[in-house]
Amino acid sequence: MKGENGHPADVPAAQDQDRSAGDSRVESSPAVIGRRLRKVDGLQKATGQARYTDDLRLPRMLHCKILRSLHAHARIKRIDFTRCLAHPGVLEVLQGSEMPARYGIIPWTQDEQALAADKARFIGDEIAAVAAVDELAAEEALELIDVDWELLPALIDPEQALREQAVKIHDGSKQGNISKRVQLEFGPVDEAIARSAAVAEESFHYAGSTHAAIEPHCALAHYDAGGNLTVWSSTQIPHYVHRELSRVLGLDPTRVRVIQPFLGGAFGGKSDPFALELVVAKLSIKTGRPVKCLYTREEVFWSHRGRHPMQMHFKVGLSKGGKIEAVDSKILIDGGAYSSYGLVTAYYAGQLLTGPYHFGSYRFDSTRVFTNKPPCGPKRGHGSVQPRFAFEVALDMAAEKLGLDPIEVRRRNFIGEQVKTINGQTITSNGFLHCLEVVEKASGWKERKGKLPVGQGLGVAGSMYITGTAYPIYPNEMPQSGIQVKLDRSGKVTIYSGASDIGQGTNSVPAYLLAEELGCDPRDCVVVVSDTDLTPVDLGAYSSRGTFMVGTACVEAGRKLWALLAQAVGEKWGIAPDAVDGRLGTVFGPAADQRMSFREAVQLAEAKFGTLCAAGSYRTQKLGGDYRGGTIGASPAYSFTAHVVEVEVDRETGIWRVERVWAAHDCGRALNPTLVEGQIEGSVYMGWAEAAMEEMAYLPSGLHRGPSLLDYRIPTSLDTPEIESFIVESVDPNGPHGAKEAGEGPLHPVIPAIANAIYDAVGVRLTELPFHPGRLLRLLRAKH
């Protein structure tokens, strides 16, 4: 059986409903939104048809390999390519002096070079490159590059780097090895601590971790005879890569094109411009041939940009009634060798903590320092996962002193909705209380908490996270996300989107939303993505911005086009445009005989108005506090999450196991519940993995202890606990059909919930990640 547009009739037929053509037209009874549809690119990935960057082959293509420093801190005195150039198959070499411009994602902290020209700042720092006829020849040629070094003292420990004044990792720094310091206070914290009925004070340590995306970094560049540079890259920020390629290479932006093929995961690890993109571009310019560079897994570890290690000292004061009187935090952040997003990290470590609870007063002092280790950057839940762990454990400690139930203390401090946080961030919708209620009931908290056998326990934690950053990374008044839509007389809808799909479904969201707005079948939507020559600017996949910002642009474009369709159809039937409706490929009016296919409606509108195209944008809203740094952490909406975790601990060995996680997440509205549940489960898995075993560990020399997936331990699906995901829909007034983020927020609570559950099970507080069994066993023995 076929539908009206020739598709199998597995999509329900349109219903005769009288709905207006205004903004509320599709809100009361959506046809596509909220359904469990497949991803538009799902079959391509499942069948192996999807082409990733390393799948691409161009005629006469060369292969590039990059020479990396073997020293944590050393000045480059001389690089000699004589032996390298004599090696069979080598066509070209490259060193840092050929690209002297410094680059970086944040305009004010650009401190990297594509290849270090003056000195190497960590083991693995890029210093030279080779282009050869194949990867083997390029790899062999690296061994023939002769480098003279002047070894310098290496600063591996962040406290040592903070104290050290004589040795500077960045010679021009005016603040020693401090990357960024933020000190902000809201209200009289010391007075509030003094009058608190219960105060918890504790130090915490969060080890760094990496992203471990399945696809390594890869870039392919082709500089053609017309002076046009095209770069295919496994990046999650094509627009920013485009900007840096133009600036560093001195090319006019109109001559630079960046294409993002299918991406095999990122989690924040591909949200910087990287050396390989600049290197292959320069080598292609020099050779006149395409050049590709694929990182090995070891090189991915050296490139890093993962979770910052943090040393955190927290004080949390509660009133006699359990209200949060004061929160005071001091945080030392290990940033590694370069800035990356570090300026933002230093702010996020404090600015994103002020919900879902009301704080009576709040102070944070965060300092990010440079060390001679691979640079840290944004990993899922950037900057706020670490302090959230510390705060949620400290909150439990303070509540225990008052004899308060952990869920109850969180309920009493609920900040509300349509309110401002103590640091001036605007909260719109807020489903946190519902999240708490859901996990409390599902876990049997009231019946089981404190009544389980010794060695078994329950823990809870909550969190808040941004739905995109309010402002673009570089100041400008242009839209942060754009969509262009073309309607073809065949009934096909072509959507041009610059957004980056890193697995979360951003390629599919435009199809869902445009199908809803236009009344077409979502399978008739084709999404053209991530090509800076073809698609409008989108700033990339970071800070959980995709659904809200791309979605808002989609809704705007869709409603412009629907107005044309409704006017043309209404004129044919002699009815007002707002009496016309559309649903899943059928357009209809209030009368039984007023029906036509979406294709017919498009043809009527094209005959009346000409070629049918429309654009939509997400424009920056002015948000945040009125003080220096008050806009960092501002967001058009915030998501909220609550987790309950059940653990079992073997007191003889220290081995602990998570039996089950109940995770409730307020995503505003689930545009596709299956995708939201996938994001919740992936977030829980990633947070639990960091609690259990993940750690970027280094020797005193700065050498990574095991830069491979054999030595860097991550759990498999067989290790993963049972996860029950619950979607809470607060329907945000500003989000596209009420939607907010779901990609990063659900990670935050699982780590402190595990720590709190282990305390409930055996009476020991874990304050240092990861929670290795040996660490827990030592604490258990010390207790007894």
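The values are calculated or read from the model by the stated rules, or taken from the named source; none is laboratory data. Just so you know, these numbers come straight off a predicted model, no measurement behind them. Reconstructed Cβ throughout: ideal geometry from the backbone, glycine too, with neighbour counts over all protein chains shown. Just so you know, the surface numbers come from the protein's heavy atoms only, side chains and all, with ligands and any DNA or RNA stripped out. Shrake-Rupley method; radii C 1.70, N 1.55, O 1.52, S 1.80 Å.
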Dipole check, the chain, charges on Cβ (K,R +1; D,E -1), about Cα centroid: among ALA132, ASN228, PRO636 the Cα furthest to the positive pole belongs to PRO636
Report, for the chain, the % of DSSP beta bridges that are antiparallel, rounded to 5. 80
Quick check for you: with a 1.4 Å probe and neighbouring chains kept, what is the accessible area per residue of segment 286-429, in Å²? 22
Roughly what would the spin-label model give for GLU164 and GLU477, points 7 Å off Cα along C-beta, in nm? 4.6
Rank these residues by their accessible area, most exposed first, probe 1.4 Å: GLU722, GLU556. GLU722, GLU556
Can you put ASP405, ASP538 in order of accessible area, largest first, using a 1.4 Å probe? ASP405, ASP538
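Pop the C-beta distance of ARG57 and ARG247 into the FRET formula with R0 = 30 Å and round what comes out to the nearest 0.05.
Working: r = 29 Å, r/R0 = 0.97.
Rounded to the nearest 0.05, the efficiency is 0.55.
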Mind giving me the nanometre distance, one decimal, between the label points for VAL528 and GLU400, set 7 Å out from Cα along Cα→Cβ? 6.0
Any idea of the accessible area per residue across segment 480-613, 1.4 Å probe, to the nearest Å²? 31
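Roughly how many debye, to the nearest 20, is the charge dipole of the chain about its Cα centre, given +1 on each Lys and Arg Cβ, -1 on each Asp and Glu Cβ, and no other charges?
660
Given the pairs LYS77/LYS286; LYS65/LYS174; LYS45/LYS492; LYS320/LYS449, which span a C-alpha to C-alpha distance of over 26 angstrom in this model? Walk me through the numbers on the way to the answer.
Numbers: LYS77/LYS286 24 Å; LYS65/LYS174 35 Å; LYS45/LYS492 23 Å; LYS320/LYS449 23 Å.
Going by Cα-Cα distance, LYS65/LYS174 fall outside the 26 Å limit.
By the gyration tensor of its Cα atoms, with a ≥ b ≥ c the square roots of the eigenvalues, what is the shape of segment 260-412: rounded for a/c under 1.5, prolate for a/b over b/c, or oblate?
On the way: a/c = 3.69, a/b = 2.87, b/c = 1.29.
Judged from the Cα gyration tensor, segment 260-412 comes out prolate (a/c at least 1.5, a/b above b/c).
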What figure, in Å² to the nearest 10, do you get for the accessible area of LYS282 with a 1.4 Å probe and non-protein molecules left out? 50
How much accessible area per residue does segment 633-784 have, in Å², with a 1.4 Å probe? 35
Would you please classify the overall shape of the chain from the alpha carbon gyration tensor, given that a ≥ b ≥ c denote the square roots of the eigenvalues, rounded means a/c under 1.5, and beyond that prolate means a/b larger than b/c while oblate covers the rest? oblate
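Please give the net charge around PRO472, taking every other residue with its beta carbon less than 14 angstrom from that of PRO472, where Lys and Arg add +1 and Asp and Glu add -1. Walk me through the intermediate numbers first.
Values: positive: ARG243, ARG545, ARG619, LYS622; negative: GLU477, ASP538.
It works out to a net charge of +2.
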Leaving ligands, DNA and RNA out of it, work out the accessible area of GLU681 with a 1.4 Å probe and give it in Å² to the nearest 10. 80
Quick one: how many Å² of SER196 are accessible to a 1.4 Å probe, rounded to 10? 20
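For the chain, with all protein chains present and a 1.4 Å probe, just round the carbon and sulfur fraction of the accessible area to a whole percent.
Numbers: 14310 of 28270 Å².
Carbon with sulfur: 51 percent of the solvent-accessible area.
Within the set LYS168/LYS373; LYS315/LYS401; LYS560/LYS608; LYS119/LYS379; LYS270/LYS740, which residue pairs have Cα atoms separated by over 18 Å? Mind dumping the intermediate values first?
On the way: LYS168/LYS373 14 Å; LYS315/LYS401 14 Å; LYS560/LYS608 15 Å; LYS119/LYS379 27 Å; LYS270/LYS740 23 Å.
Exceeds cut-off: LYS119/LYS379; LYS270/LYS740.
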The size of the Cβ-based charge dipole (Lys, Arg +1; Asp, Glu -1) of segment 666-705 about the Cα centre, to the nearest 20 debye, is 100
Can you sort LYS449, LYS401, LYS379 by 1.4 Å-probe accessible area, starting with the largest? LYS401, LYS449, LYS379
Trypsin sites (Lys or Arg not before Pro) within segment 298-344: which are DSSP loop residues with at most 12 other Cβ atoms inside 10 Å? LYS320
Mind listing which GluC sites (Glu not before Pro) in segment 91-175 are in a DSSP loop and have 16 or fewer other Cβ atoms within 10 Å? GLU143, GLU164
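Could you compute the FRET efficiency for ILE214 and ASP578, with r as their C-beta to C-beta distance and R0 at 56 Å, rounded to 0.05?
0.70
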Please flag any cysteine in the chain that has no other cysteine's Cβ under 4.7 angstrom from its own Cβ. CYS84, CYS218, CYS376, CYS435, CYS520, CYS525, CYS554, CYS613, CYS667
When a/c reaches 1.5 or more, the comparison of a/b and b/c decides; with that in mind, is segment 699-753 rounded, prolate or oblate per its Cα gyration tensor? prolate
Under a point-charge model restricted to the Cβ atoms of Lys and Arg (+1) and Asp and Glu (-1), what is the dipole moment magnitude of segment 165-311 relative to its Cα centre, in debye to the nearest 20? 660
